[in-house]
Amino acid sequence: MVENSLSIGITFALYLLLMLGIGLYAWKRTSDLSDYILGGRSLGPWTSAISAGASDMSGWLLLGLPGAAYISGLSAAWIGIGLLAGTWLNWLIVARRLRVYSFVASNSLTLPEFFEHRFRDNSHTIRVISALFILLFFLFYTSSGLVAGAKLFNTVFGLDYTTALTIGTLAIISYTFFGGFLAVSWTDLIQGLMMAAALVIVPIVAMSEMGISTTFARVQAENPLLLEWFRDAATGERLTWIAIVSSLAWGLGYFGQPHILARFSAIRSPDDIPTARRIAVIWSALGLVSAVAIGFTGLVYMPGVLEDSETVFMAMVNAIFHPLVAGILLAAILAAVMSTADSQLLVSSSALADDFYKAIFRKQASQKELMWVGRISVVLIAAIAYSLALDPDSSVLNLVSYAWAGFGAAFGPALIMSLFWRRMNRWGALAGIVVGGVTVVIWAQISGGIFDLYEIVPGVIFSYLAIVIVSLVSGEPQPEVTAEFDSIE
């Protein structure tokens, strides 16, 4: 793609300038920590829905999933089914109640702060441990985004991997540093629409050139297993129940992702949530179906095996479109990477500023001081994630799957139960968070037999058990805790 790099480079430069401009504008709209972390709870349904989806799917949707479908065919789509179900259930079950409860619980700005106020944990134990898990898993999650960005610049411009990684990291830091949550959400809206358009356009154009019936005939001729749901085209083996459950279980992760849950807390009114839910589900369905279609159409549109299957989207764009159009479509990958990495950096910096610095060290810190602590934290966390991403052989999908499981198991059960179970107490919450997070870390280190099951499954199961058992044996919650819960009802 290097021969078209000038035209594509101009497109990228204009896009990055637009994102930076939005960041500088949001700077003027950000006056306190609430603005920096939750945008003053002012998001409309379109912004909250698309930014939640864009920050969720990231470069994985344009690189990881098409790459998996390129190798394994339709059997890779089980992940998409789980994710679509998780998106719908998250908006249906969690969004409205979290929006209301997080405001009632002392206007909690972060997930750790919500847990602390929900259970009146004056020791700050839940808050600090939650923040530690956020920092741990977001380092891997943010690294996956930086790896995806580096692969983009490396493939398109022929840049050295480290140079490409550096450019992408600096671009993401710039507007997140300045604009906070508003910049992140507004840019995510633009980036999410770009992602959807690019994902839909590429397979439609490829299939229209080849013909729909011809496309499927070529796929069938290439490898009949590519169109089978229950057999992996790469190995020829039937999918085991462990493989199918592991793929579907990705949907469990939604209930514990801090960067997605932040959009629920930030929406301007609970009445906007049904509209936002419909937008989010339609956007996710279009993106997931199109990503899988790109994978197996790319295999027959461009005969020959790619060195890296996760570059199939980029290769197709370059093969089909004029360089100027290709530049716009490839900018969607940059958009996907930036839309997730900026959200992760913001949540991580919020954990450091609000859940460590303010809660433990400087309880009387001013709003301006906390904003600057948050901005400095963005740079520090990005630097650590950058160091983790320096390995050019890193897999976007593998990095995402580990972090996704960590958040889903550590926070998903704790959040669901804290929103809907009156009897839950702070010891149950703490046990659920620790057991879920630790289970993921340990399970991921073991392989073979039942341990090939995606670590989010045992993590979620053990977390729920820990919450129920510990809450029941450690006594009733405080009267003010149950009174607040009843007021939400």
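If you go through the range 95-147 and keep only what is among the acidic types (Asp, Glu) and crowded, with 24+ Cβ neighbours inside 10 Å, you end up with Glu113, Glu116.
Within the range 415-457, the residues that satisfy the criterion of being in contact with a Gly (Cβ under 8 Å, 6 or more places away or on another chain) and under 14 Å from Tyr254 (Cβ atoms) are Leu415, Ile456.
Okay, residues lined up against (1) surrounded by fewer than 20 Cβ atoms within 10 Å (Cβ to Cβ); (2) in contact (Cβ under 8 Å) with a residue 40 or more places away in the chain; (3) over 30 Å from Ser309 (Cα atoms):
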site: Leu352; (1), (2), (3): no, yes, yes
site: Ile360; (1), (2), (3): yes, yes, yes
site: Gln364; (1), (2), (3): yes, no, yes
site: Ser377; (1), (2), (3): no, no, yes
site: Asn425; (1), (2), (3): no, yes, yes
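Screening Pro303 with (1) within 24 Å of the chain's Cα centre (by Cα); (2) under 24 Å from Asn154 (Cα atoms); (3) without any contact (Cβ under 8 Å) to a residue 60 or more places away in the chain gives one miss only, at (1). Considering only residues in the range 110-125 that are over 19 Å from Asp486 (Cβ atoms) and part of a loop (DSSP other than H, G, I, E, B), the one that is modelled with the highest pLDDT turns out to be Asp121. Would you check if there is a residue in the range 11-23 being at pLDDT 70 or above, closer than 18 Å to Leu98 by Cα and either in a helix (DSSP H, G or I) or in contact with an Asp or Glu (Cβ under 6 Å, 6 or more places away or on another chain) (or both)? Taking every residue of the range 11-23 in turn, none turns out to be at pLDDT 70 or above, closer than 18 Å to Leu98 by Cα and either in a helix (DSSP H, G or I) or in contact with an Asp or Glu (Cβ under 6 Å, 6 or more places away or on another chain) (or both).
Taking the residues in the range 344-374 that are part of a helix (DSSP H, G or I) and among the basic types (Lys, Arg) as candidates, determine which candidate is modelled with the highest pLDDT. Out of the qualifying residues, it is Lys358. Cβ-Cβ contacts under 6 Å between residues 6 or more apart (or on different chains), taken from a first residue in the range 431-449 that is free of Cβ contacts under 8 Å to residues at least 24 places away in the same chain to a second residue that is surrounded by 13 or more Cβ atoms within 10 Å (Cβ to Cβ), are listed as Trp443/Glu455; Trp443/Pro458. Is there a residue being free of Cβ contacts under 8 Å to residues at least 24 places away in the same chain and under 30 Å from Arg96 (Cβ atoms) anywhere in the range 281-289? Yes; the residues of the range 281-289 include at least one that is free of Cβ contacts under 8 Å to residues at least 24 places away in the same chain and under 30 Å from Arg96 (Cβ atoms). In the range 217-228, is there at least one residue being in a helix (DSSP H, G or I) and modelled with pLDDT of 90 or more? Checked the range 217-228: no residue is in a helix (DSSP H, G or I) and modelled with pLDDT of 90 or more. Considering the range 465-488, and only residues there that are surrounded by 19 or more Cβ atoms within 10 Å (Cβ to Cβ) and under 28 Å from the mean Cα position of the chain (by Cα), the residue that is farthest from Arg118 (Cα to Cα) turns out to be Ala466.
The values are calculated or read from the model by the stated rules, or taken from the named source; none is laboratory data. Computed from a predicted structure; not experimentally measured. Every residue, glycine as well, gets a Cβ built from its backbone with ideal geometry; the counts of neighbours run over all protein chains shown.
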